[in-house]
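What follows draws every value from the coordinates through simple rules; no lab data is involved. Given the structure is predicted, the values throughout are model-derived calculations rather than measurements. Here Cβ is always computed from backbone atoms with ideal geometry, including for glycine, and neighbour counts include all displayed protein chains.
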Amino acid sequence: MKEFPVANGWTVVPLSGDLDDFSAREVRHLLDALADTGTTRVVVDLTAVDFLDSTGLNVLIGAARRVRGEQGTLRLAGAVPRVRDLVELSGVATVLPLYPDVAAACA
């Protein structure tokens, strides 16, 4: 399992590139493996994500549900405007908190 940085008790998962149908399976496996270790405070760093589609949103929602089932929280951080707009317009931001950067999400 890949090691991720921890800040203030939050495990930070940096993603990059496109989070779409082609990468969703890999990201889902990554977040599932993290949940399998009992990690319940997760920040997904979207700073380097250039594109996000409905498949990517579903992966993030599924991961958040799994973490919540373990009494945890998943937060999104650092989305570029195009990605942030999609998260907000889709209503996902009401379920998954969206923070301006990783530092704010880990506070």
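What the table shows:
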item: Positions within region 1-44 being touching a strand residue (DSSP E or B) at 6+ places or on another chain (Cβ under 6 Å), without any contact (Cβ under 8 Å) to a residue 24 or more places away in the chain and within 21 Å of Q71 (Cβ to Cβ), in sequence order; result: none
item: Every residue from region 37-79 that is farther than 19 Å from D21 by Cα, assigned to a strand (DSSP E or B) and in contact with a Lys or Arg (Cβ under 8 Å, 6 or more places away or on another chain); result: V42, V43, T73, L74
item: Some residue of region 57-66 being free of Cβ contacts under 8 Å to residues at least 24 places away in the same chain and either surrounded by 14 or more Cβ atoms within 10 Å (Cβ to Cβ) or of a type outside the set (G, A, S) (or both); result: yes
item: Region 80-95, residues that are of a type outside the set (A, V, I, L, M), in a helix (DSSP H, G or I) and surrounded by 14 or more Cβ atoms within 10 Å (Cβ to Cβ); result: R84
